[in-house]
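K.L.:
Take this structure first; my questions come after.
The values are calculated or read from the model by the stated rules, or taken from the named source; none is laboratory data. Note that the structure is a prediction, hence the values are computed from the model and not measured. A quick note on method: Cβ atoms are made from the backbone with ideal geometry, for glycine too, and the neighbour counts reach across all protein chains shown.
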Amino acid sequence: MATIINRTKEMREQQAIENGAKKLNSPEYRAEANRINQKMKKVRRDFQIKDSRSALSASRVILTS
Amino acid sequence: MQEIRTELIPILQKEFLVSEETAEDMYSSDLEPHLQQLKNTIYFLIEYPYVDRIYRDSYYHYFSTKLGNYKKDCIRLSMFDGEIFPEDFREEIRINQVADRYLGFMVLRPTIPAILGRNVIAPQALQTNDFLSVGSSFHTTANAIKFQAKGFPHSSQDGETIKCAETALWAIMEYFASRYSDYKPALPSTIIEVLKYISVERQIPSKGLYVNQLAFAIKKFGFGSRIYAREEYGDDIFKSMISTYIESGLPLICALDNLDAGGSIAHAVLAIGHQITSDDLIDSLSPTDEKDDYLADLLNDKNIQLYDNDDIKRQFVFMDDNRPAYQLALLDSPTLHYGDPDWQNCKLTHFIVPLYPKIYLEAYEAKNYAKNLLLNDLYFNLPRDTEYFMRLLLTSSRSYKNAIARDTTFPVNLKSEILEIGMPKFIWVAEISTKTLVKQRQAQGLLLLDATEPNSQGFNALILMAHQDLFLYPDNDTKELMQINLTLSTFNMYLNNLNGF
């Protein structure tokens with residue numbers, strides 16, 4: 001005798017149907033997703049500049065105390 | 001305390017070949033401050049000669065190459081809560097009892113005057129221990145019996161083979177090696193070996209290390225090391241990121257100096273935890289000063305007060321090789337506990353995060369992304385004139401799913417949905433709560449982000465977001481946003497990283 005718990009992709013899809021899954025893909029949602037993505041690109045760019053300067057300043061002082 | 005002094009000074013004289021005056025000076029200046037922070041109920045077991053692998057490494061690579069007569073053996077002090085007797089270590093029942101009272105050890109090495117070597121002290125051995133910190137278990141022995149020391153590794157610098165920077169590197173690797181099989185401890189000679197190709201001068205006697213050398217060594221030891229500088233990110237974001245990573249259970253190497261104040265101190269310490277979050281700390285928290293114009297407008301338009309856990313003015317736990325283990329200090333004054341005014345005006349300048357190499361989405365980006373989703377009217381649609389408390393942390397999906405599976409506050413169908421979602425090895429967890437709920441260690445909303453995905457295109461980095469009757473997640477294949485009918489009520493905050501909040 002054995003207990004088999006089979007976690008499959010199909011099982012997950014079935015679970016989603018049972019939970020009333022629906023796609024939110026109207027133009028409104030797609031536009032908002034695009035806006036957030038553009039925003040995050042800007043955040044990342046800003047982050048990378050700060051990041052490169054952080055690395056540069058890391059060789060200024062020797063930690064010796 | 002007088003008793004340990006009386007016992008130890010003759011042993012220091014005999015084992016380290018020093019005069020009584022020198023032994024007394026060493027005890028008073030280097031050892032006593034560490035012993036004074038311990039509870040009065042601590043009893044010591046003194047063993048010598050003791051072979052310490054860290055000091056032996058320094059001895060064979062450096063001290064033995066000198067003319068001077070350097071001793072190669074150490075003294076070990078094991079600590080127990082309550083009185084101990086010789087029979088406690090020879091009878092099975094009593095051994096089990098004494099194991100429960102074992103609170104760590106200290107090694108004294110013959111590096112005059114900085115004699116305090118490797119030590120692991122359980123926070124329970126301290127008079128004041130109302131803090132949370134990362135720690136691990138270390139296999140050790142005392143009087144021939146195996147014990148487990150639980151705490152975070154600490155040592156003072158010997159001033160020649162290890163300075164503050166090398167000591168911080170050693171301690172962080174000692175911690176990771178004891179917790180995860182992916183990493184190995186770093187002896188002083190290993191650190192020298194790793195850095196020899198990027199060091200333009202001789203490495204011993206040590207002059208210390210630059211921040212970028214520390215980050216390089218961390219990278220060579222198997223991490224995806226990252227450096228953050230205070231002057232680049234500004235005070236608020238810099239301190240906020242330290243708080244996020246500490247909440248994530250990651251020990252950080254912090255660089256500090258007093259050069260701006262005209263001083264000449266530059267130092268490395270470890271940050272390993274924070275004080276327990278009291279109701280007073282939560283009550284005194286002000287709404288976050290949102291730096292992002294778009295997010296600030298969203299908050300203003302709907303009159304939403306957003307409180308950020310990382311803004312709490314709490315003390316953090318530092319491991320400083322010049323001071324006793326587990327020092328509490330604010331990020332603005334990390335060395336206020338020093339008696340010397342020159343030291344007290346040191347400021348944090350950089351910190352290094354030993355990230356798992358495949359974590360690509362960092363704290364700064366993850367928080368911004370989470371806020372963009374949280375404050376968006378299409379998704380969460382938070383009501384006007386409300387207040388929320390947000391807490392962001394990094395954790396492994398294994399630990400997170402394990403905690404969710406065992407948590408009784410999640411509805412069964414919602415728990416099942418979360419547990420079935422495929423997740424990367426590490427995830428960012430943003431818990432949405434209120435000040436009132438946080439005091440009860442509860443939350444009401446959840447955002448999970450993929451820490452391996454820096455690209456936010458089409459919800460790539462989103463795993464799920466849930467708040468009240470909203471449960472959204474991106475379709476596994478198309479990454480289109482999906483909604484299902486599940487309701488999330490209040491649930492327990494995730495406290496595994498620091499075993500508390």
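K.L.:
Of all residues in region B:1-23, which are assigned to a helix (DSSP H, G or I) and among the hydroxyl-bearing types (Ser, Thr, Tyr)?
P.N.:
Passing the criteria: B:Thr6, B:Thr22.
K.L.:
Further, regarding this structure: Listed residues B:Arg384, B:Arg398; which is surrounded by fewer than 21 Cβ atoms within 10 Å (Cβ to Cβ), basic (Lys, Arg) and modelled with pLDDT under 95?
P.N.:
Within the list B:Arg384, B:Arg398, the selection yields B:Arg384.
K.L.:
Scanning region B:490-499 for residues that are touching a strand residue (DSSP E or B) at 6+ places or on another chain (Cβ under 8 Å) and assigned to a loop (DSSP other than H, G, I, E, B), which turns out nearest to the other protein chains (Cβ to nearest Cβ)?
P.N.:
B:Thr490
K.L.:
Do the conditions hold for B:Asp289, that is, is it out of contact with any Cys (no Cβ under 6 Å at 6 or more places or on another chain) and closer than 24 Å to B:Phe131 by Cα? Working first, answer last.
P.N.:
Numbers: out of contact with any Cys (no Cβ under 6 Å at 6 or more places or on another chain): yes; closer than 24 Å to B:Phe131 by Cα: no.
In short, no.
K.L.:
Take the residues in region B:216-226 that are over 16 Å from the mean Cα position of the chain (by Cα) and surrounded by fewer than 24 Cβ atoms within 10 Å (Cβ to Cβ); name whichever of them is nearest to B:Glu201 (Cα to Cα).
P.N.:
Selected residue: B:Phe216.
K.L.:
Still on this model: Take the conditions more than 23 Å from the chain's Cα centre (by Cα) and crowded, with 23+ Cβ neighbours inside 10 Å and apply them to B:Ala366. Does it pass?
P.N.:
no
K.L.:
Could I ask something else about it? Among the residues of region B:147-164, is any surrounded by fewer than 16 Cβ atoms within 10 Å (Cβ to Cβ) and either more than 22 Å from B:Leu348 (Cα to Cα) or modelled with pLDDT under 95 (or both)?
P.N.:
Scanning region B:147-164 turns up at least one residue that is surrounded by fewer than 16 Cβ atoms within 10 Å (Cβ to Cβ) and either more than 22 Å from B:Leu348 (Cα to Cα) or modelled with pLDDT under 95 (or both).
K.L.:
Right, next: Would you mind stating whether B:Thr349 is in a strand (DSSP E or B) and over 26 Å from B:Gly117 (Cα atoms)?
P.N.:
Taking the combined requirement at face value, the residue satisfies it.
K.L.:
Which residues, counting only those in region B:372-418, are assigned to a strand (DSSP E or B) and not hydrophobic (A, V, I, L, M, F, W, C)? Even if it seems obvious, please write down each step before you answer.
P.N.:
Start the filter on region B:372-418 by keeping residues that are assigned to a strand (DSSP E or B), which leaves B:387-396.
Result: B:Glu387, B:Tyr388, B:Arg391, B:Thr395, B:Ser396.
K.L.:
Scan region B:85-113 for residues that are assigned to a loop (DSSP other than H, G, I, E, B) and either crowded, with 21+ Cβ neighbours inside 10 Å or not assigned by TED's automatic domain parsing to the domain that holds B:Lys150 (or both) and jot them down.
P.N.:
B:Arg109, B:Pro110, B:Thr111
K.L.:
Of the conditions (1) farther than 19 Å from B:Lys302 by Cβ; (2) touching a Pro at 6+ places or on another chain (Cβ under 8 Å); (3) not aliphatic (A, V, I, L, M), B:Glu387 clears all except one; give me its number.
P.N.:
The single condition B:Glu387 does not satisfy is (1).
K.L.:
Quick check, is B:Tyr50 crowded, with 18+ Cβ neighbours inside 10 Å and either more than 19 Å from B:Ala142 (Cα to Cα) or among the polar types (S, T, N, Q) (or both)?
P.N.:
no
K.L.:
Filter region B:167-190 for residues that are more than 11 Å from every other protein chain (Cβ to nearest Cβ) and of a type in the set (A, V, I, L, M) and give the result. Before the answer, list the steps.
P.N.:
Of the residues in region B:167-190, the ones more than 11 Å from every other protein chain (Cβ to nearest Cβ) are B:170-190.
Listed by number, the residues that qualify are B:Ala171, B:Ile172, B:Met173, B:Ala177, B:Ala186, B:Leu187.
K.L.:
Looking at B:Gly273, B:Gly262, B:Gly249, B:Gly234, can you tell me which residue is within 27 Å of B:Ser136 (Cβ to Cβ), of a type in the set (Gly, Ala, Ser) and surrounded by fewer than 23 Cβ atoms within 10 Å (Cβ to Cβ)?
P.N.:
Working: B:Gly273 fails: surrounded by fewer than 23 Cβ atoms within 10 Å (Cβ to Cβ); B:Gly262 fails: within 27 Å of B:Ser136 (Cβ to Cβ); B:Gly234 fails: within 27 Å of B:Ser136 (Cβ to Cβ).
It is B:Gly249.
K.L.:
Separate question: Under 6 Å between Cβ atoms, which residue pairs at least 6 apart in sequence (or on different chains) link something in region B:411-437 that is more than 12 Å from B:Thr490 (Cα to Cα) with a partner that is among the basic types (Lys, Arg) and modelled with pLDDT of 95 or more?
P.N.:
B:Leu419/B:Lys401
K.L.:
If B:Gly422 meets every condition in (1) out of contact with any Leu (no Cβ under 9 Å at 6 or more places or on another chain); (2) within 29 Å of B:Ile282 (Cα to Cα); (3) part of a loop (DSSP other than H, G, I, E, B) apart from one, which number is that one?
P.N.:
That leaves (2) as the condition not met.
K.L.:
Let me ask something additional. Any residue that is within 12 Å of chain A (Cβ to nearest Cβ), modelled with pLDDT of 95 or more and assigned to a strand (DSSP E or B) - is there at least one of those in region B:445-454?
P.N.:
yes
K.L.:
Considering only region B:311-327, state which residues are under 15 Å from the mean Cα position of the chain (by Cα), closer than 14 Å to B:Ser243 by Cα and of a type outside the set (Phe, Trp, Tyr).
P.N.:
Result: B:Arg314, B:Gln315, B:Val317.
K.L.:
Answer yes if at least one residue in region B:31-45 is assigned to a helix (DSSP H, G or I) and in contact with a Pro (Cβ under 6 Å, 6 or more places away or on another chain), and no otherwise.
P.N.:
yes
K.L.:
For region A:30-65, which positions are at the interface with chain B (Cβ under 8 Å from one of its Cβ atoms), surrounded by fewer than 17 Cβ atoms within 10 Å (Cβ to Cβ) and hydroxyl-bearing (Ser, Thr, Tyr)?
P.N.:
A:Ser59, the sole residue that qualifies.
K.L.:
Consider region B:323-360. How many of its residues are farther than 19 Å from B:Gly273 by Cα, hydrophobic (A, V, I, L, M, F, W, C) and either at the interface with chain A (Cβ under 10 Å from one of its Cβ atoms) or surrounded by fewer than 21 Cβ atoms within 10 Å (Cβ to Cβ) (or both)?
P.N.:
2
K.L.:
Of a type outside the set (Asp, Glu), in a loop (DSSP other than H, G, I, E, B) and either within 29 Å of B:Ala255 (Cα to Cα) or more than 7 Å from chain B (Cβ to nearest Cβ) (or both): is that true of A:Ile4 in this structure?
P.N.:
Details: of a type outside the set (Asp, Glu): yes; in a loop (DSSP other than H, G, I, E, B): yes; either within 29 Å of B:Ala255 (Cα to Cα) or more than 7 Å from chain B (Cβ to nearest Cβ) (or both): yes.
Yes; evaluated as a whole, the condition is true for this residue.
K.L.:
Where in region B:191-266 are there helices (runs of 4 or more DSSP H), lying wholly inside it, with at least 3 residues that are closer than 16 Å to A:Ala55 by Cα and within 13 Å of chain A (Cβ to nearest Cβ)?
P.N.:
It comes to B:211-220, B:230-233.
K.L.:
Only residues that are assigned to a helix (DSSP H, G or I) and surrounded by fewer than 12 Cβ atoms within 10 Å (Cβ to Cβ): list them for region B:281-299, please.
P.N.:
Passing the criteria: B:Asp283, B:Asp293.
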